[in-house]
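Read through the structure below, which is laid out as structure tokens, and then see the notes.
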Amino acid sequence: MINRAVPSRHWIAVSTSESSDMEVFGLSIDHLRDAMVEIARYVLRFGSCLVYGGDLRQHGFSELLFEIVARYQPVSNDDDGHAGVTNYLAWPVHIQMPFDELEETAENLNGSANLVCLDMEGEQMTMQQRKQLKTMKPTDAQWSEGLTAMRRHMLKQTKARIILGGRTEEYKGTMPGIGEEALLSLKARQPLFVIGGFGGCARDIAESLGLVKKRMFSQNVWTGLEEFENFSSIDLNNGLSAKENATLATTPHIDQAIVLILRGLINVVGKRSRE
């Protein structure tokens, strides 16, 4: 039985995307999707809500989260009407999309999940406000500004963040998305859980934090990676010991990772709720 020490209405952010080196760890995109399903399932059963900042591409992680929360409808909405998943769309993401498509997607979620559009400053927009805007192609500068604004908004709304995988090439913004989100969490002393067993950006972060030894074959150097060397496992502030965080940073077994995440949430988020 799950200990529901963390009450509903706590929002937990999850950051993931495919990583180019998963094959090195003997994994594939299907393994990453399965891991996402299990994390989402247990966080929802735990009584918390999930927050994700992504696009609405077909067969993407946003779509996967919507399917999960619809399947677990009995625990996805609380008495105050909070949806199990809130998907934020940064201005550069939704401004390219026809409004009719956005509106249809929001309506099809049927209350099990929320679709939230943000403006360039990261402030929430109503669908009526979004309807007044013309579809356009964002510039590189607008991508960087809009994505950072969304990530800062998410930081204010959430109590903890979980990261796994993550591309480190061909990304939009000033640095890889998972990297920027993790860095914001560390600077704000928000509990951060780093699952490094799926490679990618999360693994690079785990290595820079000293959670695991750096790989001899890894030559990833991406903008912002050096900033993580100013932090250590203590700065994760996630209720886990250094040994537990090292395990979380290396295990490819999602069941083991989930046990550690739930333990940390009970120790940190649950404790704060009782104070």
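The values are calculated or read from the model by the stated rules, or taken from the named source; none is laboratory data. This structure is a prediction, so every number in the text was calculated from the model and none was measured. Glycine gets a Cβ as well: all are built from the backbone with ideal geometry, and neighbour counts include every protein chain shown.
A count restricted to segment 68-93 and to residues that are at pLDDT 75 or above and of a type in the set (S, T, N, Q) stands at 2. Taking segment 172-184, which residues are touching a helix residue (DSSP H, G or I) at 6+ places or on another chain (Cβ under 7 Å) and either of a type in the set (A, V, I, L, M, F, W, C) or free of Cβ contacts under 8 Å to residues at least 60 places away in the same chain (or both)? Scanning segment 172-184 gives Gly173, Thr174, Pro176, Ile178, Gly179, Glu180, Ala182, Leu183, Leu184. Among the residues of segment 154-172, which ones are surrounded by fewer than 21 Cβ atoms within 10 Å (Cβ to Cβ) and of a type outside the set (D, E, K, R)? Matches in segment 154-172: Leu155, Gln157, Tyr171. Selection over segment 150-170 of residues that are out of contact with any Gly (no Cβ under 6 Å at 6 or more places or on another chain) and either outside any loop (DSSP other than H, G, I, E, B) or over 19 Å from Ile266 (Cα atoms) (or both) gives a count of 13.
Within segment 11-39, residues that are farther than 19 Å from Leu64 by Cα reach partners that are β-branched (Val, Ile, Thr) and surrounded by fewer than 17 Cβ atoms within 10 Å (Cβ to Cβ) with beta carbons closer than 8 Å, at six or more positions or on different chains, in the pairs Met22/Ile29.
The rows are residues; the columns are (1) at pLDDT 95 or above; (2) among the β-branched types (Val, Ile, Thr); (3) closer than 17 Å to Leu164 by Cα; (4) surrounded by fewer than 23 Cβ atoms within 10 Å (Cβ to Cβ).
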position: Gly200; (1), (2), (3), (4): no, no, yes, no
position: Lys213; (1), (2), (3), (4): no, no, no, yes
position: Asn220; (1), (2), (3), (4): no, no, yes, yes
position: Glu226; (1), (2), (3), (4): no, no, no, yes
position: Ser241; (1), (2), (3), (4): yes, no, no, yes
position: Asn245; (1), (2), (3), (4): yes, no, yes, no
position: Leu248; (1), (2), (3), (4): yes, no, yes, no
